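Q: The structure that follows is given in the form of structure tokens.
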Amino acid sequence: MAYDKFTILTSSTVPLPIENVDTDQIIPARFLKATERKGFGDNLFRDWRYNADDTPKQDFVLNNPIYSGKILVAGKNFGSGSSREHAAWALYDYGFRCVVSSFFADIFKGNSLNIGLLPVTVSPAFLDKAFTSIEKDPNTELEINLSEQTITILATGEKESFAINGYKKHNMLNGFDDIDYLQAMAGDIQQFVENSVY
């Protein structure tokens, strides 16, 4: 299933300065019954967002109208715990296109890249600067340039490079999942077959 191409994303952010956020906090296990990626955003951070009677918790950041945007800025060790890909689905379905942290769990990172959600790993110092800028001004924007592999705090001009697997970068720039990548090579594969000697 193809997703939006990711080239340059400039957006305000939602800050979540909490460390060790695991996948059960991102999307609780009781909401994993669906097999399609749609609808999971409704239950993103469900137990942090809502009380038992389904009323919003006013002190949780997603319920705070001063914060919005397509970039989630999170604390260290984001996406730990179980390997459920639904955690990445929930973030993407909610509207996030990028998560910034100083460390991601490997499986969560892979699941995110597979569906077009870009995990950007930055240094702890840069993450602190981002949180400080957002605290000073909730409208602070970050620019994520995938081609150049850079993240910039636009208010201060501070910039840092980030790493990404070349294959995953190619797919994200083109909006490809693994199947789309193979389908895009269909002509080359057919030509190879026709030119092969059996």
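Q: Below 8 Å, C-alpha to C-alpha, sequence gap of six or more: please give me the relative contact order for the chain in percent.
A: On the way: 368 pairs, mean separation 52.6, N = 198.
Reported as a whole number, the value is 27 percent.
Q: Can you list the residues, at least 5 places off or on another chain, whose amide H is less than 5 Å from the amide H of T150, using H built in the peptide plane?
A: Counting only residues 5 or more places away or on other chains, the set is N145, F162.
Q: Over the chain, with every protein chain in place, what whole percent of the accessible area is carbon and sulfur at 1.4 Å, could you tell me? Walk me through the numbers before you get to the answer.
A: Numbers: 5200 of 10330 Å².
Carbon with sulfur: 50 percent of the solvent-accessible area.
Q: Further, regarding this structure: Enumerate the amide H contacts of T13 below 5 Å, restricted to partners 5 or more residues apart or on another chain; note that Pro and chain-start residues carry no placed amide H.
A: Correct list: S68.
Q: Run the 1.4 Å probe and let me know the accessible area of V100, rounded to the nearest 10 Å².
A: The value for V100 is about 0 Å².
Q: Just list whichever of K33/K168; K38/K169; K136/K169; K33/K70; K38/K129 have alpha carbons separated by over 30 Å in the model shown.
A: Working: K33/K168 28 Å; K38/K169 24 Å; K136/K169 32 Å; K33/K70 26 Å; K38/K129 34 Å.
Going by Cα-Cα distance, K136/K169; K38/K129 fall outside the 30 Å limit.
Q: Multiply the residue gap between K5 and S68 by 0.36 nm, knock off their C-alpha separation, and tell me the result in nm, one decimal place. Please list the in-between numbers first.
A: Working: separation 63, 0.36 × 63 = 22.68 nm, distance 2.09 nm.
Stretched fully, the K5-S68 segment lengthens by 20.6 nm.
Q: On average, how much accessible surface per residue is there in the chain, in Å², for a 1.4 Å probe, leaving out ligands, DNA and RNA? Please list the in-between numbers first.
A: Details: 10330 Å² over 198 residues.
Per-residue accessible area for the chain comes out at 52 Å².
Q: As a test of the formula, what do you get for the chain when each DSSP H run with n ≥ 4 contributes -39,500 (n - 2.57) and the sum is divided by the residue count, at 222 nm and rounded to the nearest 500 deg cm²/dmol? Numbers along the way, then the final one.
A: Numbers: 8 runs with 66 residues, N = 198.
Mean residue ellipticity at 222 nm (helix-derived): -9000 deg cm²/dmol.
Q: Let me ask something else. Shape verdict for the range 1-138, please, from the Cα gyration tensor: rounded (a/c under 1.5), prolate (a/b greater than b/c) or oblate. Could you put the intermediate results ahead of the total?
A: Details: a/c = 1.45, a/b = 1.12, b/c = 1.29.
In terms of gyration-tensor shape, rounded.
Q: Taking the mean number of other Cβ atoms within 10 Å as a proxy for protection, how do you rank 51-61, 156-166, 130-140, 84-94 from highest to lowest? Walk me through the intermediate numbers first.
A: Working: 51-61: 9.9, 156-166: 12.6, 130-140: 16.5, 84-94: 23.5.
Top of the packing list down: 84-94, 130-140, 156-166, 51-61.
The values are calculated or read from the model by the stated rules, or taken from the named source; none is laboratory data. The structure presented is a predicted model; accordingly, all values stated were derived computationally and were not measured. Using ideal geometry, Cβ is built from the backbone for each residue, glycine included, and neighbour counts are taken over all protein chains shown. When the accessible area is computed, the model is the full protein with side chains, heavy atoms only, and any ligands, DNA or RNA have been set aside. Shrake-Rupley method; radii C 1.70, N 1.55, O 1.52, S 1.80 Å.
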